[in-house]
Amino acid sequence: MSASFDAVAPLAAAGLRFVPLLFLLWLAFFFGRTLRAGDMPLIERVARIGKPDLSPALCRYTRRLTALWCLYFVAAAMLTAAASLGFQQASLGVAAVSLVFFVGEYWVRLRLFPEEVFPDLVQQIRDTVRVWRPRRGA
């Protein structure tokens, strides 16, 4: 039994190196597929939970922001692949940059749309989770 584990362990460890890359590419697809003509961008869905009547300017902003997140995920996947980082380093790096991007975007949005009222960051996270994990039967 130990010999078979010893043979599989390096393969499993090598496979784990691709998890961050695959996850980032999946996120890019998940965001990007909502940018098709006639579809509501993912970030607009999140925004409409707290504010159902978005202005045209905010709709344009959410579409561009969804595209920007999509590009970020592709770039992060490419950098992760190029850097050949391990699972832990790649995951922590992407999580840290994503957090900075998320909080930074909130700050930028407040400055671009000073007349608008937005939910705070905690409520924004709750709204995002609602979009990502819709309730059954809803």
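Every number here is computed from the coordinates shown, using simple stated rules; none is lab data. Please read these numbers as outputs of a predicted model, since none were measured by experiment. Heads up, the Cβs are rebuilt from the backbone with ideal geometry, glycines too, and the neighbour counts pull from every protein chain shown.
Hey, can you rank 43-54, 99-110 by average C-beta count inside 10 Å, highest first? If you can, show how the numbers build up before the last one.
Values: 43-54: 16.6, 99-110: 12.5.
The most tightly packed comes first, giving 43-54, 99-110.
Karplus couplings for the stretch 104-116 from phi (6.51 cos²θ - 1.76 cosθ + 1.60, θ = phi - 60°), rounded to Hz, Gly and Pro as x?
Along the stretch 104-116, the couplings run x, 4, 4, 4, 4, 4, 4, 7, 6, 10, x, 7, 8 Hz.
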